[in-house]
Every structure is written in structure tokens, then in C-alpha cells.
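Quick notes on the structure that follows.
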């Protein structure tokens with residue numbers, strides 16, 4: 001069902017539901033009854049918290065630098081974990097993701113997870129990152145990565161992708177892509193040794209328009225000139241969150 005949000009106060013809740021849906025899909029991929037899951041690029045715990053609630057017998061090691069645009073995320077994450085009563089099961093690590101992975105033992109984790117992290121790195125880092133995911137996952141362990149599709153299905157999605165990736169509009173342009181193409185991620189997972197590869201596509205069904213768009217664009221650090229340039233379209237048609245992709249594999 002399509003959800004249209006035009007009230008700025010409801011944007012955060014609408015986006016939180018996106019992560020709840022992702023958590024549900026990812027939890028279904030976790031076949032172990034218990035174990036430790038590593039999450040790279042945890043941010044404010046948008047995925048961490050709903051996923052930990054769905055997997056009550058698992059512990060989590062979560063990693064982020066909490067710098068730059070995410071400098072306030074650490075405090076918000078710790079507060080959210082406290083409110084959710086998850087502090088005892090979620091260990092927060094403030095570190096560069098590769099530095100942290102290189103210090104971890106091989107074959108340690110039941111799974112290595114990320115959501116909206118692959119858009120933050122480039123193809124060279126992607127290769128190193130997925131190789132490390134393979135090394136630290138235990139035999140039979142899972143790796144799963146969710147991100148927004150770089151392939152727009154309509155004009156609303158194309159406009160959002162442009163707002164978030166074009167240096168003309170965004171204060172934090174990506175290193176290489178809005179998101180990597182799923183075929184590339186699959187190829188890298190196969191190269192590192194993962195098997196049982198799978199791509200799942202989930203429609204976001206979320207359209208944000210009118211005054212709510214301003215709130216949303218501000219949270220994504222999009223310049224005000226984007227609103228001024230596309231004001232009529234944003235007010236009438238809005239932006240649509242692209243489809244979510246969940247790419248997964250298992251270590252033999």
C-alpha cells in the first residue's frame with residue numbers, strides 16, 4: 001500500500017517503518033538460534049533496534065565512526081538502546097569499520113550486516129569490506145546488506161536519487177554512487193567465497209510531498225536550492241523512496 005506523507009511531523013515515523021520492514025526481512029534470513037551479529041555503519045540504530053528486538057537470543061557488535069554528518073548519532077543511539085532495554089546485548093564500537101574488522105578474529109560472527117552502508121563507500125572499499133565480512137563470518141554464517149536501489153522506477157525516485165548524489169544539490173556527495181548496482185555486490189560476494197547468493201527487492205511505497213519534503217531533504221543534508229528549483233513538483237508530486245534491495249550470501 002502506498003503511503004503519502006505531507007505532514008513534517010510524520011516523516012521520521014514513516015521512515016522508521018521502512019527499517020522495521022527491513023529488520024523483519026533480515027531477521028528471517030538469520031538461521032542461527034543464538035550468536036553474535038556484527039553491524040557495520042549502525043548510525044542511530046535505525047536497523048539495530050528493531051532487529052535486536054526480533055532476535056532476542058543474539059548479541060550485537062555495532063560499529064560506526066560517529067563523525068561528520070553523524071557526529072550526534074552516538075548519543076542518540078545510546079539513548080535509544082537504553083529506552084529499548086538493549087544495552088546489555090548491543091556493544092557499541094566507535095571506530096573506522098576496516099580498522100575494527102581487521103582486529104576481529106576469523107570465523108567469529110554468526111552474521112555481518114549493514115544497511116545503507118554500501119552507498120557510503122566506493123568499489124575499492126567494497127571489495128575489501130566484503131572480503132573481511134567473509135573472513136570474520138563463521139562457517140554457515142550470513143552476510144546481508146540492504147540499500148536503496150540506484151535504478152529509479154519513476155520520476156519521483158529519480159529526483160530523490162539526484163538530490164542525494166548530485167554535488168550540485170547535496171552537501172555530502174557520495175564517493176562513487178548513490179548505491180552500488182546489485183549485480184556488482186553479488187559478483188563481489190561470489191568472488192570472496194560466499195554462496196547461496198540472493199537479492200530481494202522490496203518496494204518502499206513511501207511518497208513524501210508538500211511541507212514534509214523540506215523536513216526530509218534537510219535530514220538528508222540537501223541544499224535549500226534543490227527545493228527552490230523543484231518546488232512546484234515537490235509540492236504536487238513529491239519524492240518517492242526508491243525500492244530497497246537486500247543482498248545476502250552464506251559462508252560455506
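The values are calculated or read from the model by the stated rules, or taken from the named source; none is laboratory data. Everything numeric here is computed off the predicted structure, so don't read it as measured data. Please note: Cβ atoms are built from the backbone with ideal geometry, for glycine as well, and neighbour counts cover all protein chains shown.
Considering the stretch 3-40, the residues that are under 24 Å from residue 60 (Cα atoms) and in a loop (DSSP other than H, G, I, E, B) include one that is nearest to the chain's Cα centre (by Cα), namely 30.
If you go through the stretch 158-186 and keep only what is under 17 Å from residue 116 (Cβ atoms), assigned to a loop (DSSP other than H, G, I, E, B) and without any contact (Cβ under 8 Å) to a residue 40 or more places away in the chain, you end up with 173, 181. Residue pairs whose Cβ atoms lie under 7 Å apart, sitting 6 or more positions apart in sequence or on different chains, and linking a residue in the stretch 64-77 that is closer than 13 Å to residue 48 by Cβ to a partner that is at pLDDT below 90 and not in a loop (DSSP other than H, G, I, E, B), are 64/70.
Among the residues making up the stretch 89-99, a single one is in a helix (DSSP H, G or I) and surrounded by 19 or more Cβ atoms within 10 Å (Cβ to Cβ): 97.
Residues being surrounded by 14 or more Cβ atoms within 10 Å (Cβ to Cβ) and under 18 Å from the mean Cα position of the chain (by Cα): count how many of those fall in the stretch 189-202.
We begin by selecting, within the stretch 189-202, every residue surrounded by 14 or more Cβ atoms within 10 Å (Cβ to Cβ); these are 189, 192-194, 197, 200, 202.
Those still in the list that are under 18 Å from the mean Cα position of the chain (by Cα) too: 189, 200, 202.
Number satisfying all stated conditions: 3.
Would you mind finding the one in 174, 180, 119, 139 that is out of contact with any helix residue (DSSP H, G or I) (no Cβ under 8 Å at 6 or more places or on another chain) and either surrounded by 18 or more Cβ atoms within 10 Å (Cβ to Cβ) or under 19 Å from residue 221 (Cα atoms) (or both)?
119
Can you pull out every residue in the stretch 142-157 that is under 13 Å from the mean Cα position of the chain (by Cα) and either surrounded by fewer than 18 Cβ atoms within 10 Å (Cβ to Cβ) or in a strand (DSSP E or B) (or both)?
First, the residues of the stretch 142-157 that are under 13 Å from the mean Cα position of the chain (by Cα): 144-149.
Listed by number, the residues that qualify are 144, 145, 146, 147, 148.
Within the stretch 40-57, is there a residue that is under 20 Å from residue 114 (Cβ atoms), without any contact (Cβ under 8 Å) to a residue 24 or more places away in the chain and out of contact with any strand residue (DSSP E or B) (no Cβ under 8 Å at 6 or more places or on another chain)? Checked the stretch 40-57: no residue is under 20 Å from residue 114 (Cβ atoms), without any contact (Cβ under 8 Å) to a residue 24 or more places away in the chain and out of contact with any strand residue (DSSP E or B) (no Cβ under 8 Å at 6 or more places or on another chain).
For the stretch 44-88, the tally of residues that are crowded, with 16+ Cβ neighbours inside 10 Å and part of a loop (DSSP other than H, G, I, E, B) stands at 9.
Just for the stretch 103-116: of the residues that are closer than 21 Å to residue 35 by Cα, in contact (Cβ under 8 Å) with a residue 60 or more places away in the chain and out of contact with any helix residue (DSSP H, G or I) (no Cβ under 7 Å at 6 or more places or on another chain), which one is surrounded by the most Cβ atoms within 10 Å (Cβ to Cβ)?
My answer is 111.
Within the stretch 199-211, the set of residues being free of Cβ contacts under 8 Å to residues at least 60 places away in the same chain and out of contact with any helix residue (DSSP H, G or I) (no Cβ under 6 Å at 6 or more places or on another chain) comprises 201, 203.
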